[in-house]
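The values are calculated or read from the model by the stated rules, or taken from the named source; none is laboratory data. In this text the structure is predicted, and so the values were computed from the model without any measurement. Here Cβ is always computed from backbone atoms with ideal geometry, including for glycine, and neighbour counts include all displayed protein chains.
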Amino acid sequence: MKRKKVLFVCIHNSARSQMAETWLNLLYGDRFEAKSAGLEPGALNPLIVIAMDEVGIDISQNRTKSVYDLFKAGELFSWVITVCDESSAERCPIFPGVVKLLHWSFPDPALLTGTLEEKMDAIRKIRSDIRSAVRDWGASFNL
């Protein structure tokens, strides 16, 4: 059985989309091939690296990627899932051959304020919420 390709998109590909890609590949890598990219790729958020490491997942070597590079390369995806706010999601290019475009809104870790511990607590919640969304979405398929 051929794995279905899924692209997770957020603004900088520095946090939310990286976590979603990682979770889908870990939980359902036998059924899906996940990638992630950003509208304006930046640097990987070091707090996200720490948060994922807390649950035994090393993403420290991940690189941020541009959604436009994937688009220009002609990559085909069965789903494109935006994990940023609604207005940012509207900027996502339309990929040829996309079967479904979904939007899951999660807070942007780059915009968190407070102490380091308060930021980490919020990031842990975002990490958990993304994992739950990916788990529930992947489980809904009888492939």
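When segment 72-84 is filtered for residues that are more than 13 Å from the chain's Cα centre (by Cα) and under 22 Å from Ser105 (Cβ atoms), the ones remaining, listed by number, are Phe77, Ser78. Looking at Glu33, Glu40, just one residue is out of contact with any helix residue (DSSP H, G or I) (no Cβ under 8 Å at 6 or more places or on another chain), surrounded by fewer than 21 Cβ atoms within 10 Å (Cβ to Cβ), in contact (Cβ under 8 Å) with a residue 24 or more places away in the chain and not hydrophobic (A, V, I, L, M, F, W, C), and that residue is Glu40.
The strands (runs of 3 or more DSSP E) found entirely in segment 1-117 include none that carry 2 or more residues being in contact with a strand residue (DSSP E or B) (Cβ under 9 Å, 6 or more places away or on another chain), more than 19 Å from Ala133 (Cα to Cα) and modelled with pLDDT of 95 or more.
For segment 43-73, the tally of residues that are touching a residue at least 60 places away in the same chain (Cβ under 8 Å) and closer than 25 Å to Glu117 by Cα stands at 8. Residues in segment 1-19 that are within 14 Å of Asn45 (Cα to Cα) and under 8 Å from the mean Cα position of the chain (by Cα): Cys10, Asn13, Ala15, Arg16, Ser17, Gln18, Met19.
A search for C-beta distances below 7 Å between a residue of segment 103-130 that is free of Cβ contacts under 8 Å to residues at least 24 places away in the same chain and any residue that is aromatic (Phe, Trp, Tyr), counting only pairs 6+ apart in sequence or on different chains, returns Asp129/Phe106.
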